[in-house]
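The values are calculated or read from the model by the stated rules, or taken from the named source; none is laboratory data. What you are looking at is a predicted structure, and each value in this text was computed from that prediction instead of being measured. FYI the Cβ positions are ideal-geometry reconstructions off the backbone, even for glycines, and counts take in every protein chain you see. Note: areas computed on protein heavy atoms with side chains; ligands, DNA, RNA excluded. Shrake-Rupley method; radii C 1.70, N 1.55, O 1.52, S 1.80 Å.
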Amino acid sequence: SVWVSLPLRGFICLFVQGISSEARVVSMAFLENYAFFVLILFPCSFHVIHALNYAMFSAGDGNFMLHWTYMNNKLVFNMTCKVTGWCAVGFTENQGGRGMVNYDIAAGGVDGNTTYLQDYWSNTTSAPPKDAVNNFELVEATEMGGYTSVKFERNLTTGESNIDVQFTNNTEVYIAWAMNSNMDADPTASNLGPQHSVSSRGVSSNKQNLIAMAMAAAITPTTTTMTMPSTGGTVSAGDDFMLTWTYSNNKLMFTMKCKTTGWCAVAFTTGDGSGMKDYDIALGGVASGNYLFDYWSTTTTTPSKNEDQNFVITTASEAGGYTTVQFERDPETSDTDNDVQFKPGTEVMIAWAMHSSMDGKDDISRHTDRELLPTKYILVPGAANMLESRVMLSAILAAIVVYLVS
């Protein structure tokens, strides 16, 4: 018989499920590519990762941004509001998305040292009542530089179809958002409050299929590529600058946003950030088309454009006085003299600059605003989880060999 004995199969299943979620992603991607071992030799219950990149929706004025991905039969969200009070997103299938009819709402934030997230349902424009069962699960929340970011997740479907949107492959929803500029919500109260201001709310003009958009953003693994765990972060400087990044499938993907109609730039350095020394710079914007250039600086004079352009633009837009540029880069490049090498665990300082009105497609005018952020950041996580996953895979393969030759 080709079936592995129950004790051996049980040991392998427990071993896989006992490791960290990050390592499990890598390992399960390997096992998915070798379906024979998964479906025939080891028919146990594994968690399947469906998407690892993030889809995005933005309000366009810099006040609200939502990222989401689809994994383990869950939707994982990261919402950011330009407030120090509560931040909320709502989903509705109701035609037009107006009137707060059938809104499934997640509202959260940071109140002092306490993070919170609560589930609400509304049918009118009055304060939404809290759900008896909170089906949104808080992962983390942060407040920095005048922005509140809340990461949370939810099962696609719940047992409350009358007060929860049920997300299936065909579900299309309007995305609504609201926030309070400086007052936090009380998650123990029966209704969401205090009320948002009129200017700090909105709803998408079109319906969105969240699952389809997350899947479209995902990089499909092949039989020769293991899908890596997705990690990322967000930094901001008031309403002048925001950078969001995601590390997935050995790519760094960035979205930078500047309060400008001119050029917008971000820089990374492994030094202390002073004097623009060893700055790896991505500078882009919109001017008769989109543009993005890779620069390297060693002094405070105008930086030099790299011969190898290793930052690759995805898209750029200009709306409401803001310029947004999405781009990507391999963590490590062959240009070691003029590129920061984002090896696992590498700490970098992040700086930003912009010109309020002049674009940098042909040449760079001196910035009108700039800042060096005070904290070091790790954009590519350390290799410990990769080592753990390799150990796990080796153990599984060893178990297979032992069984087949016995």
Original post:
Restricting the search to the range 313-336, which residues are in contact (Cβ under 8 Å) with a residue 24 or more places away in the chain, open to solvent by 40 Å² or more (accessible area, probe 1.4 Å) and of a type in the set (D, E, K, R)?
Top reply: Glu318, Glu328, Asp330
Original post:
Is there any pair with a first residue in the range 129-144 that is on the phi < 0 side of the Ramachandran plot and a second that is in a loop (DSSP other than H, G, I, E, B) and loosely packed, with under 15 Cβ neighbours inside 10 Å whose Cβ atoms are under 9 Å apart and which are 6 or more apart or on different chains, and what are they?
Top reply: Pro129/Ser190; Lys130/Thr188; Lys130/Ala189; Lys130/Ser190; Val133/Gly159; Asn135/Gly159
**OP:** Kindly list the number of the only condition in (1) open to solvent by less than 70 Å² (accessible area, probe 1.4 Å); (2) modelled with pLDDT under 85 that fails for Ala178.
**Re:** (2)
**OP:** May I ask you to verify whether Gly273 is in contact (Cβ under 8 Å) with a residue 40 or more places away in the chain and under 23 Å from Thr323 (Cα atoms)?
**Re:** no
**OP:** Could you tell me which residue of the range 168-196 is nearest to the chain's Cα centre (by Cα), considering only residues that are among the hydroxyl-bearing types (Ser, Thr, Tyr) and under 20 Å from Val150 (Cα atoms)?
**Re:** Tyr174
Original post:
Which condition breaks for Asp164 when tested against (1) of a type in the set (D, E, K, R); (2) within 30 Å of Asp239 (Cβ to Cβ); (3) assigned to a loop (DSSP other than H, G, I, E, B)?
Top reply: (2)
Original post:
Out of all the residues in the range 340-356, is one or more part of a loop (DSSP other than H, G, I, E, B) and more than 24 Å from Leu373 (Cα to Cα)?
Top reply: no
Original post:
Looking only at the range 362-385, which residues are open to solvent by 70 Å² or more (accessible area, probe 1.4 Å) and among the charged types (D, E, K, R)?
Top reply: Asp362, Asp363, Arg366, Arg370, Glu371, Lys376
Subject >> Filtered residues of the range 263-293 (kept if closer than 11 Å to Pro303 by Cβ and touching a His at 6+ places or on another chain (Cβ under 9 Å)) >> reply: Ala265
Subject >> Counted residues, the range 107-129 - those being open to solvent by 40 Å² or more (accessible area, probe 1.4 Å) and more than 27 Å from the chain's Cα centre (by Cα) >> reply: 6
Subject >> Among residues of the range 295-311, those that are under 23 Å from the mean Cα position of the chain (by Cα) and either exposed (fewer than 15 other Cβ atoms within 10 Å of the Cβ) or under 17 Å from Trp352 (Cα atoms) (or both), counted >> reply: 1
Subject >> Condition met for Thr142 (in contact with a Cys (Cβ under 7 Å, 6 or more places away or on another chain), in a strand (DSSP E or B) and of a type outside the set (A, V, I, L, M, F, W, C)) >> reply: no
